[in-house]
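The values are calculated or read from the model by the stated rules, or taken from the named source; none is laboratory data. Note that this is a predicted model, so its numbers are computed, not measured. Glycine gets a Cβ as well: all are built from the backbone with ideal geometry, and neighbour counts include every protein chain shown. Just the protein is used for accessible areas: all its heavy atoms, side chains included, with ligands, DNA and RNA removed. Shrake-Rupley method; radii C 1.70, N 1.55, O 1.52, S 1.80 Å.
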Amino acid sequence: TLAILAATAWWFWAVGRVNAAHPANRVPRRRTWYFLAAMVALALALVSGIDRYDTTLFSVHMTQHVLLILVSAPLLALAAPVTLLLRVSSPDTRRRWILPFLHSKAVRFVAHPIVAWLTLTTVMWVSHFSPLFDAALEDPILHDVEHVLFLTAAMLFWWPAVALDPAPSRMGHPGRLTHVFMQMTQNTFLALVILGASAVLYPHYATVSLPWPSDPLADQKMAAGIMWVVGDAI
């Protein structure tokens with residue numbers, strides 16, 4: 001909650017400073033709306049009832065992941081925060097710190113579209129088909145680490161796809177279309193693998209005690225449906 005409030009406060013401060021210094025070239029208002037929508041999506045995913053029940057129902061947990069990967073991350077990319085950071089910074093700060101960081105070998109590597117695509121795909125498959133997922137349901141700190149991995153990988157993926165912020169690698173529209181389409185394809189395949197499972201994949205959901213009648217396998221299939229239908233639609 002404090003991080004979301006701090007980020008929002010910084011955004012309005014930065015936008016106000018840029019608009020005051022460049023009244024003829026103000027920050028587009030739609031970018032502020034995109035940023036606020038991203039913060040709302042983060043709040044829904046991490047500090048609402050969704051977060052309260054993500055360790056109770058797999059379908060709710062999947063809704064949380066969709067909000068992180070396919071709602072908040074692309075909205076942040078549409079807000080172009082790197083551009084705002086460059087505009088609000090002093091020339092000395094840009095020259096000494098920001099531009100060297102953006103042009104560093106590490107950033108050029110992780111921000112490459114192929115690496116970004118593979119990173120998000122790897123995070124999604126490894127998290128769902130390794131002990132990490134079930135362990136995160138039992139350990140709140142590990143659960144937070146999982147959220148950071150999802151959001152970071154998604155932001156790297158959407159950075160070159162949206163292509164509003166300066167990036168080390170640029171793609172034309174055919175490349176960006178392929179970048180997103182291939183991610184949609186693997187999202188569908190992952191959802192179908194979960195949908196076709198004949199047993200509950202995560203012991204936590206099979207053993208959690210609920211105050212209402214429940215079917216963990218049916219809930220798992222609903223989670224797969226959310227990933228498939230909602231994810232592909234977005």
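See the values below:
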item	result
Dipole axis of the chain (+1 Lys, Arg; -1 Asp, Glu on Cβ), positive-most option in V115, G49, Q64	V115
Helix axis angle, 173-195 relative to the chain longest principal axis, alpha carbon, degrees	20
Sparse-neighbour loop sites [trypsin sites (Lys or Arg not before Pro); the range 95-181; at most 13 other C-beta within 10 Å; DSSP]	R170
The chain, accessible area per residue, ligands and nucleic acids excluded (1.4 Å, Å²)	53
Helix-only [θ]222 nm of the chain, DSSP H runs n ≥ 4, -39500 (n - 2.57) each, per residue, nearest 500	-21000 deg cm²/dmol
Paramagnetic reach from V208 (point 7 Å along Cα→Cβ, amide N under 11 Å) across the range 122-159	137-138
Whole-angstrom gap from the range 165-226 to the range 119-152, using each part's C-alpha centre	13
C-alpha long axis of helix 140-162 to longest principal axis of the chain, angle in °	50
Cα long-axis angle, helix 2-21 against the chain (0 to 90 degrees, to the nearest 10)	20
Semi-axis lengths (Å, descending) of the ellipsoid that matches the C-alpha gyration tensor of the chain	35, 20, 15
Quotient of Cα Rg and 2.2 N^0.38 Å for the range 1-51, N being how many residues it contains	1.34
Cα-centre dipole for the chain with unit charges at Cβ (Lys and Arg positive, Asp and Glu negative), debye to 20	1540
Sites H103 and T152, calculated FRET efficiency, Cβ-Cβ separation with R0 25 Å, nearest 0.05	0.80
Relative contact order of the chain, pairs being alpha-carbon contacts under 8 Å that are 6 or more residues apart, as %	24
Carbon/sulfur fraction of accessible area - the chain, other protein chains in place, 1.4 Å, %	71
Two-site label geometry, M184 and V47: point separation in nm, points 7 Å out along Cα→Cβ	3.4
Dipole of the range 117-208, positive end: most advanced residue of P166, L137, V148 [Cβ charges, Cα centre]	P166
Of T1, A20, W33, farthest towards positive along the dipole that unit charges on Lys, Arg, Asp, Glu beta carbons give the range 1-76	A20
Candidates I69, I114, I141, ranked by Gaussian network fluctuation over the chain, Cα under 10 Å, top entry	I141
Taking the C-alpha atoms of the range 88-128, convex hull volume expressed per residue in Å³	87
The range 9-109: chymotrypsin sites (Phe, Trp or Tyr not before Pro) in DSSP coil with no more than 16 other Cβ atoms inside 10 Å	Y53
√(5λ) per eigenvalue of the Cα gyration tensor, the range 33-150, largest first, Å	30, 18, 12
